[in-house]
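The values are calculated or read from the model by the stated rules, or taken from the named source; none is laboratory data. Note that this is a predicted model, so its numbers are computed, not measured. Cβ sites come from the backbone with ideal geometry, for glycine too, and all protein chains shown count toward neighbours. Quick note on the areas: whole protein, heavy atoms, side chains included, nothing else; ligands and nucleic acids left out. Shrake-Rupley method; radii C 1.70, N 1.55, O 1.52, S 1.80 Å.
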Amino acid sequence: TGKRAFIAGVADDNGYGWAIAKALAAAGAEILVGTWVPALNIFETSLRRGKFDESRKLPDGSLMEIAKVYPLDAVYDTPDDVPEDVKANKRYAGASNWTVKEVAETVKNDFGSIDILVHSLANGPEVTKSLLETSRRGYLAAISASSYSFVSLLQHFLPIMNPGGASISLTYIASERIIPGYGGGMSSAKAALESDTRVLAYEAGRKAKVRVNTISAGPLGSRAAKAIGFIEKMIEYSYVNAPLQKELLADEVGNTAAFLVSPLASAVTGSTIYVDNGLNTMGLAL
Ligand code: NAI
């Protein structure tokens, strides 16, 4: 309660970012979101037209309020990093101040500080290719959008995070076990994200008393996951093989996120927390 959260990676009401926003709002936090520039228009229009009103409902019956939506492209740190063709792109030219550094500055000007930073974004242009077939460009793009984006966000937001604050990201078990089909260097990107969670927990803990954790989530049929192509199979596999044979709800990840960024988790940092109906613990399923 009384805390302010910036959640990067919300562009509809289907993904983990939305569910985390709701769980934090239900716990009394003020919600700011960062929305990928190309998705900004449709997201804001849908919000305005009430398309998300049903899924904005909180347990107490009120609707989640989003205090401000910031355009964001977490692949670019400063305006100097933006290539000409992106600058000229209609969807990008229509928005402003969407590099990571500028978003942090704008949030600072608007609100002064935040307590909670959430990274719920990933992108791998060659995700449908096996690692053996992945190009250098595709691999580095996956790392840039899915791993360095967190380093950059924390780097730029840490100076405006209040002591006792916390950050989280979302990862996937393909970082440590073989998940055929999760290609394009996305498995490598998640491995980097988890390793960085430990190093950043140390650095941000010592520097600013901020905690850093990541949630290793089970499969969810989000927009991003549908782009991988076999999410329904992964959901079915989990249902059949996990200790808990039930659907995994985005809200269950949201609730764990709310716990992790709250004082209830004040001694938890540098950890990868599984929210996957226990699937990660299985060796052989019968
Ligand atoms: P989602 O589609 O709701 O979220 C991904 C978001 O990333 C989208 O809003 C997209 O617009 C945004 N995005 C992509 N590139 C961006 C960029 N350069 N700058 C700013 N935003 C950008 O999908 P989902 O699945 O909820 O993804 C959230 C996180 O959860 C990701 O890190 C994903 O890898 C992770 N995750 C998802 C699982 C699943 O089965 N859906 C399983 C485990 C982890």
*Please specify each residue of the stretch 56-70 satisfying the condition of being open to solvent by 30 Å² or more (accessible area, probe 1.4 Å) and either of a type outside the set (K, R) or within 15 Å of the ligand (Cβ to nearest atom) (or both).*
P59, D60, G61, S62, L63, E65, I66, A67
*Mind listing whichever residues of the stretch 212-261 are farther than 21 Å from S175 by Cα, open to solvent by less than 30 Å² (accessible area, probe 1.4 Å) and not in a helix (DSSP H, G or I)?*
V261
*Looking at the stretch 104-141, which of the residues that are among the β-branched types (V, I, T) and within 14 Å of the ligand (Cβ to nearest atom) is nearest to F230 (Cα to Cα)?*
V127
*Residues K101, K87: which one is more than 14 Å from the ligand (Cβ to nearest atom), in a helix (DSSP H, G or I) and among the basic types (K, R)?*
K87
_Residue count for the stretch 107-141, restricted to those that are within 26 Å of I160 (Cα to Cα), outside any loop (DSSP other than H, G, I, E, B), open to solvent by 30 Å² or more (accessible area, probe 1.4 Å) and touching a residue at least 12 places away in the same chain (Cβ under 8 Å)_ = 3
*Give me the pairs: first residue in the stretch 216-238 and farther than 18 Å from A257 by Cβ, second residue in a helix (DSSP H, G or I) and open to solvent by 50 Å² or more (accessible area, probe 1.4 Å), beta-carbon distance under 8 Å, and six or more apart or on different chains, which are they?*
G221/E232; G221/I235
*Which of the following residues is open to solvent by less than 20 Å² (accessible area, probe 1.4 Å), touching a strand residue (DSSP E or B) at 6+ places or on another chain (Cβ under 7 Å) and within 24 Å of G185 (Cβ to Cβ): A21, A74?*
A74
*Scan the stretch 1-48 for residues that are modelled with pLDDT of 95 or more, away from the ligand (no atom under 14 Å from the Cβ) and over 28 Å from K87 (Cα atoms) and jot them down.*
K3, R4, A5, L24, A25, A26, A27, G28, A29, E30, I31
*So which residues in the stretch 213-254 are in contact with a Gly (Cβ under 8 Å, 6 or more places away or on another chain) and of a type in the set (F, W, Y), if there are any at all?*
F230
*Restricting the search to the stretch 184-214, which residues are more than 16 Å from the ligand (Cβ to nearest atom), in contact (Cβ under 8 Å) with a residue 60 or more places away in the chain and under 19 Å from V275 (Cα atoms)?*
R198
_Can you pull out every residue in the stretch 223-260 that is within 11 Å of the ligand (Cβ to nearest atom) and either in contact with a Cys (Cβ under 6 Å, 6 or more places away or on another chain) or among the polar types (S, T, N, Q) (or both)?_
S238
